[in-house]
Amino acid sequence: QVQLVGSGGGLVQAGGSLRLSCAASGSILGINTMGWYRQAPGKQRELVADMTSVGRTTYGDSVKGRFTISRDNAKNTVNLQMNSLEPEDTTVYYCFLSQMPRFPVWGQGTQVTVSS
């Protein structure tokens, strides 16, 4: 069993910054990918950013240059530094852990609200 516990998020004014963290526990394989998706009401789920255990990163087009993902493999944690936040970034962010060939595991969701 794998569990993900997310933290961070909250309310910030446009142009501000927030940091999300996610910690994985349980049966963690050495090769995996951790990151976040988000899904606003009425919109498709969108990859925010992810990072493999060997350091390869992927960012969604809408967050490139503003968000930075990092991870600590020894602690099985991943962090997302979100700068220059925009009202369009408002939604729930879901941490995930992907370990092929297992099904991905999802965190409980963290609300991010950016006021204009």
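The values are calculated or read from the model by the stated rules, or taken from the named source; none is laboratory data. Note that this is a predicted model, so its numbers are computed, not measured. In this analysis, Cβ positions are derived from the backbone assuming ideal geometry, glycine residues included, and neighbour counts consider all displayed protein chains. When the accessible area is computed, the model is the full protein with side chains, heavy atoms only, and any ligands, DNA or RNA have been set aside. Shrake-Rupley method; radii C 1.70, N 1.55, O 1.52, S 1.80 Å.
Observations, loosely collected:
- Alpha-carbon centroid distance for the pair segment 89-111 / segment 1-42, whole angstrom: 7
- Ranking Gly65, Gly15, Thr113 by Cα position along the charge dipole of the chain, where only Lys, Arg, Asp and Glu carry charges on their C-beta atoms, puts Gly65 farthest toward the positive end.
- Whole-percent carbon and sulfur share, accessible surface of the chain, 1.4 Å: 51
- Placing pseudo-labels 7 Å out from each Cα toward the beta carbon at Arg19 and Ala40 gives an inter-label distance of 2.6 nm.
- Average accessible area per residue (Å²) across segment 1-111 - probe 1.4 Å, nucleic acids and ligands excluded: 55
- Radius 14 Å from Cβ of Gly6, net charge of other residues (Lys, Arg +1; Asp, Glu -1): +3
- Calculated from backbone phi, Karplus (6.51, -1.76, 1.60) coupling profile of segment 14-30 in Hz, x at Gly/Pro: 4, x, x, 10, 9, 10, 10, 10, 8, 10, 9, 9, x, 7, 10, 7, x
- Convex hull volume per residue in cubic angstrom - Cα atoms of the chain: 96
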